[in-house]
Every structure is written in C-alpha cells, then in structure tokens.
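Peer 1: Got a structure here, written out as structure tokens. Questions coming.
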Amino acid sequence: MGTIPATARAAAGATVSDADRRFYRLMLWGYATLFPLMALFVVTAVLADSSAVIVYSVNFAITIAVQGFSIYAMRQVMRQDSFRFPYGAGKLENFAAFLGGVLNVPSGLYMAYGSVLLLIHPEHVRYGLCMIPVAAEATRMFVLYTSVRRLARRQETPAPLLQAYLLDWRVNLLSDCGVLLAFALGWLLVRSGITADGDRLDPAIALTICVYMVWIGVVLVRRNFRALMDLPLPEEDQLQVMKVLAAHYAEFETVGRLYTRASGKERIVEIELGFDGRRPLEEITALGGRMEESLAAALPHLEFRVIPVAA
C-alpha cells in the first residue's frame, strides 16, 4: 500500500502497486493453507488427546474468520472503489482486528479453564504425533513471515494491515518453535518414565497459548475500538494543522470550522477558510494544494479539503 492512500491513487488514476499485488497474493496463499492445516490439527487433536492441539484448532477457526475480513478489505483496495470506500479500506482492516480480539478473549478463557483441569488430572498425550502438524505450521509461518518482512522493508510507511500480519506471523512463528521444543521435552519425559509430569506439559502449553490469546485479544479490542469510533485527531496532529494555518495566514481572510477525523489509517482534515468574493477559484485550489503538501509530511495518509466561504 505504500505511502499513498488507495483513494489518492484512485483519484490520480494510478494503478495498484506491485507491492499491493504481492501482499494480496501472499494473503491469499496464507489463507488457502489454513484449511488443510486446520483439518490436520483437528484429526491430530482427536488421535493424540492433546489439549494444546485443540487450542491450535480453535485458533485456526478464529483466524479463518478474521482473515476472511482482512482479505475482503485488501480486495477493496485492489479494486480502488473510491465511491463505496471514500476514505480507503482502513475501517475494514480495523474491524477485522477488532473481531479477532472479540473472538480470542472468550475462547481463550474457556480453554484456559479446561487446561487448568487437565493440569490437575492429566491425560496421556502422544507427543510424537502432536509434533507433525506443529512442524508443518512452523514451516508455513517461516515462509509467510520472511515474505511479508521483505515487503515491509521495501515500503517507507507500511499499511496497518501489512504491519498487523508482520507482527502476527512473527509471534506465531516463535510460538510454533516454542511449542515444538516443549512437545519434544514432553516426549523425552514420557520416554524416561516421568509420565505424569510429561503429560502435564501439554495442558501447560495450552494454558500458555490461552493466556496469550486473551492478552492479544484485549490489546486488539482496545486499539481498534478507537479507530472504529471515528474520534478526532489527537492533539499533536491538530497542532500540526494550526502550524500550517499560521504559515499561510496571509493568503486567506478568516478561519471558520475546523473538522478532523481518523478513519482507520486515514487522517481527514476539513477547514473552512474565508476569501474575498473576487478571489479566483484557481488561487484557492492552489492554496489548498500547498497546505495539503505541508501537512502530508507530518500526517501520512491524509485526506485534506479547503472549504471556501465568503469573508
């Protein structure tokens, strides 16, 4: 998505960048591979009696629902539908993240309760079988994470959706590797005859994942609720607008209503400026362009408008 909002590119008649297309294809590939892996985890959970693998399976189901919205959001950017989405697809991106948080919290709490019960009364776990789907998922995450990291490094200001995927896939890769090591340790404990402690390792892993699910769910809900609420720009951003007005004060007569709003990743600024009735429209348009250029350096993803009124 780069440093230019999708709507700005559409208005300028530009085409979608190669980075957009590569990221979209990467999202589709990652989404398509979720389904066979989820099936593998479900079958393994039944055969291996592993609560950790059950948690993985539930997390896959949540991921399928959330990433479905993310892909839809990215598809709108690819289509550049500036009439249906006049401020970009950031709202859809924020809603996808918010939905993930809402689903993660109750699911994580419920499965954490079951994991605590299994810590008290452990059941035998077939760790060797459990390692197969986790190894497959770790390999998938390594490919996805390294690919999206290369994309992010090529962009001066990566879009929120790309940043979210980069963080999510990095954490998933690290957690998959940690779970693999823990399963290997559990397998060694069981093989060494320390069966009870070995079998408790599986619900301990499940409980750790559940705690992470709840924590990241709360973070996602809090972070994206603000974006979905369409609140005014923060004070430091509004100060930037004041500085631009002060720098161009000699080019207009009066200042009227100032309206600011954050919509997803977009920052929207509308200013009423009073002009003499004899002022040519071309000069007013040129002034708006200069003010927008000054603001864009401090406020990326800016949608800026000057509303001329009679002074």
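The values are calculated or read from the model by the stated rules, or taken from the named source; none is laboratory data. What you see is a predicted model; the values in this text were computed from it and never measured. Cβ sites come from the backbone with ideal geometry, for glycine too, and all protein chains shown count toward neighbours.
Peer 1: Here is a list: Met291, Met242, Met213. Which entry is touching a His at 6+ places or on another chain (Cβ under 9 Å) and among the aliphatic types (A, V, I, L, M)?
Peer 2: Residue meeting the stated conditions: Met291.
Peer 1: Next question, about the same structure. Go over the candidates Thr33, Thr44 one by one and state the one that is under 22 Å from Thr146 (Cα atoms), modelled with pLDDT of 90 or more and part of a helix (DSSP H, G or I). Working first, answer last.
Peer 2: Details: Thr44 fails: under 22 Å from Thr146 (Cα atoms).
Checking each option against the conditions leaves just Thr33.
Peer 1: Filter segment 243-254 down to the residues that are surrounded by 12 or more Cβ atoms within 10 Å (Cβ to Cβ) and farther than 18 Å from Gly289 by Cβ and list them by number.
Peer 2: Hit for segment 243-254 is Glu253, nothing else.
Yes or no, residue by residue, for (1) modelled with pLDDT under 85; (2) at positive phi; (3) surrounded by 13 or more Cβ atoms within 10 Å (Cβ to Cβ); (4) not assigned by TED's automatic domain parsing to the domain that holds Leu239:
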site: Leu258; (1), (2), (3), (4): yes, no, yes, no
site: Arg261; (1), (2), (3), (4): yes, no, yes, no
site: Val269; (1), (2), (3), (4): no, no, yes, no
site: Glu282; (1), (2), (3), (4): no, no, no, no
site: Gly288; (1), (2), (3), (4): no, no, yes, no
site: Glu293; (1), (2), (3), (4): no, no, no, no
site: Ala296; (1), (2), (3), (4): yes, no, yes, no
site: Leu302; (1), (2), (3), (4): yes, no, yes, no
site: Val306; (1), (2), (3), (4): no, no, yes, no
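Peer 1: Specify the residue that is nearest to the chain's Cα centre (by Cα); the eligible residues are those in segment 248-304 that are among the polar types (S, T, N, Q) and farther than 14 Å from Pro234 by Cα.
Peer 2: Ser294
Peer 1: Look at Tyr145 and say whether it is touching a Gly at 6+ places or on another chain (Cβ under 8 Å), of a type in the set (Ser, Thr, Tyr) and either touching a residue at least 40 places away in the same chain (Cβ under 8 Å) or assigned by TED's automatic domain parsing to the domain that holds Tyr24 (or both). Can you show your working first?
Peer 2: Numbers: touching a Gly at 6+ places or on another chain (Cβ under 8 Å): no; of a type in the set (Ser, Thr, Tyr): yes; either touching a residue at least 40 places away in the same chain (Cβ under 8 Å) or assigned by TED's automatic domain parsing to the domain that holds Tyr24 (or both): yes.
Considered against the rule, which asks whether it is touching a Gly at 6+ places or on another chain (Cβ under 8 Å), of a type in the set (Ser, Thr, Tyr) and either touching a residue at least 40 places away in the same chain (Cβ under 8 Å) or assigned by TED's automatic domain parsing to the domain that holds Tyr24 (or both), Tyr145 comes out as no.
Peer 1: Can you tell me which residue in segment 190-226 is surrounded by the fewest Cβ atoms within 10 Å (Cβ to Cβ), limited to those that are among the hydroxyl-bearing types (Ser, Thr, Tyr) and either assigned to a helix (DSSP H, G or I) or in contact (Cβ under 8 Å) with a residue 40 or more places away in the chain (or both)?
Peer 2: If we take residues in segment 190-226 being among the hydroxyl-bearing types (Ser, Thr, Tyr) and either assigned to a helix (DSSP H, G or I) or in contact (Cβ under 8 Å) with a residue 40 or more places away in the chain (or both), then Thr195 is surrounded by the fewest Cβ atoms within 10 Å (Cβ to Cβ).
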